[in-house]
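Colleague: Handing you a structure now.
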Amino acid sequence: MEAMKKAGKIVPGFVLAIVIAAIAKFLESLLPIHLIGASVIALFIGMIINAFWKPTKLFAVGLKFTSKKILKFAIILLGASLNIRIILEVGKMSLCVMVFTLFTCFGIGHFVGKALKINWKLSNLISAGTGICGGSAIAAIAPVIDADDNDIAYAMSATFLFDMAMIVLFPLMGKALGLSDMAYGLWAGTAVNDTSSVVAAGYAFSEAAGDFATMVKLTRTLTIIPTVITFALISAYLKRKEAGNAGEEAVKTKFGLTKIIPWFILGFLALAVINSIGLIPTGVSSAMKDISKFLMISALAAIGLNTSFKDMKKSGIAPMLHGFIISALVVVVAIAVEYFMGIV
C-alpha cells in the first residue's frame, strides 16, 4: 500500500515531463536542419514554463524522480546498445584529454579561486563539478570536505550556468570547426560538465556524436573515485593539523567507496557486457536505445521545470566567474589536446 502511495506521488511530475519530451520530439521533427536536438528543446521548454508557473507539490516528487533516477536509468538502458570493447577503446582514447582537463580544473582552479578570494572548499567544488561530472561530483565531494549548503548551492549554480550555454554553443562550434562525430563526441564528453548537458550537447550534433560523448562522459565520471579519496585525505590532514586525531575520525564516518561509486555506471557497464557477449537480440537492443533517448529527453524536461532564473541570480558573481574561467579553459585545453593527438 505504501509503495502505491509513493508511485502515485511520482506519476503527475513524470507524466508532465513525458508530455514536454513528446512536444520537444515533435518540434525537432519540424526543423529543416538538425541544429538543435529534442533534449535542448525540452530543457528550454521546462525553463520557460518555470519562469511563468512554478511546479506545485503535486508535480514536485515526480519531477525530482525524473530528473535524477530516470536520467540514470536511461543511461543504464543505453548500455544495452554498446559493446564493452568499444567502451574500453573510448576510455583509452579519452584518458590523455581527461588528464589535461583535470589538471586544468584543480591546478589552475586553485589559483583562480585564490585570486577571486573564494574559500578552498567552494573553489574545489566548482573545479570538481567542471572537471568530472557536475552535480554528481559536487554531491560526492561536499560531505568529505564538510562543505556547507551555501558552498554546494554556489558550486551547482556556477557549473550549471556554463552548461546551459554550452548546450547551445557546442554544436555550433563543432560544426564551425568541421569536427567529425568522434572528435566532437570526445570534446563534448570531456569539456561539458553535467551528464545531462553532455547528452543534450552530444545528440544536438548527431546521434553518433551523442553516443560517443555519453560513453566518454561515463568514463570520465569514474574519476570521482580517486578524486574523492584524494579530498578525503586532504581534509583529514587539515583537520589533524587543527585538532589532532579527532578530525581523522570525523572523516572516516563520512567516507566510504560504496557511497561514491555511481550505481548507474555499474548498471551501464553490466548491460554493455551482456550485449557484448551477444545475449541481447539486435531488435531488443535497438528498442532499449530508443527508450533510453526518450527518457533522457524527459529527464531534461524535468530539470528545466525545476530551474529558476531568479534563484540562480542569488549565487553572486565571484563563483560564477570562477566557473566561467575554468570551464572556458577546459573547453580550449580539451580541443587543443585533440589537435595535438591528431584526432581532429
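The values are calculated or read from the model by the stated rules, or taken from the named source; none is laboratory data. Note that the structure is predicted; figures quoted are calculated from it, not measured. Virtual Cβ from ideal backbone geometry, glycine too; neighbours counted across all protein chains shown.
Colleague: Against the definition (modelled with pLDDT of 85 or more, in a loop (DSSP other than H, G, I, E, B), loosely packed, with under 13 Cβ neighbours inside 10 Å and out of contact with any Asp or Glu (no Cβ under 7 Å at 6 or more places or on another chain)), how does Gly278 come out, yes or no? Walk me through it before giving the result.
Modeller: On the way: modelled with pLDDT of 85 or more: yes; in a loop (DSSP other than H, G, I, E, B): yes; loosely packed, with under 13 Cβ neighbours inside 10 Å: yes; out of contact with any Asp or Glu (no Cβ under 7 Å at 6 or more places or on another chain): yes.
Judged against the criteria, Gly278 is a match.
Colleague: Could you tell me whether any residue of region 93-111 is in contact with a Phe, Trp or Tyr (Cβ under 7 Å, 6 or more places away or on another chain) and assigned to a helix (DSSP H, G or I)? Walk me through it before giving the result.
Modeller: The initial filter retains those residues of region 93-111 that are in contact with a Phe, Trp or Tyr (Cβ under 7 Å, 6 or more places away or on another chain), namely none.
No: region 93-111 contains no residue that is in contact with a Phe, Trp or Tyr (Cβ under 7 Å, 6 or more places away or on another chain) and assigned to a helix (DSSP H, G or I).
Colleague: What residue, among those in region 152-164 that are over 13 Å from the mean Cα position of the chain (by Cα) and buried (at least 23 other Cβ atoms within 10 Å of the Cβ), is farthest from Ile234 (Cα to Cα)?
Modeller: My answer is Ala158.
Colleague: With the condition kept exactly as written, say whether any residue in region 318-332 is in contact with a helix residue (DSSP H, G or I) (Cβ under 6 Å, 6 or more places away or on another chain) and either modelled with pLDDT under 85 or not in a helix (DSSP H, G or I) (or both).
Modeller: yes
Colleague: In the list Tyr203, Tyr184, which residue meets the criterion of being in a helix (DSSP H, G or I) and free of Cβ contacts under 8 Å to residues at least 40 places away in the same chain? Steps first, please.
Modeller: Numbers: Tyr203 fails: free of Cβ contacts under 8 Å to residues at least 40 places away in the same chain.
Answer to the selection: Tyr184.
Colleague: Would it be correct to say that Ser94 is in contact (Cβ under 8 Å) with a residue 40 or more places away in the chain, among the polar types (S, T, N, Q), closer than 23 Å to Pro226 by Cβ and buried (at least 22 other Cβ atoms within 10 Å of the Cβ)?
Modeller: Numbers: in contact (Cβ under 8 Å) with a residue 40 or more places away in the chain: yes; among the polar types (S, T, N, Q): yes; closer than 23 Å to Pro226 by Cβ: yes; buried (at least 22 other Cβ atoms within 10 Å of the Cβ): yes.
Yes, satisfied.
Colleague: I'm checking my understanding of the structure. Among residues of region 97-106 that are among the aliphatic types (A, V, I, L, M) and surrounded by 15 or more Cβ atoms within 10 Å (Cβ to Cβ), which one is nearest to Ile325 (Cα to Cα)?
Modeller: Initial filter on region 97-106 (among the aliphatic types (A, V, I, L, M)): 97-99, 102.
Of the ones still in play, those that are also surrounded by 15 or more Cβ atoms within 10 Å (Cβ to Cβ) are 97-98, 102.
Details: Val97: 18, Met98: 18, Leu102: 14 Å.
Looking at residues that are among the aliphatic types (A, V, I, L, M) and surrounded by 15 or more Cβ atoms within 10 Å (Cβ to Cβ), I get Leu102.
Colleague: A follow-up question, please. When region 282-302 is examined, which residues are found to be closer than 9 Å to Ser81 by Cβ and not charged (D, E, K, R)?
Modeller: Ser285, Ser286, Met288, Ser292
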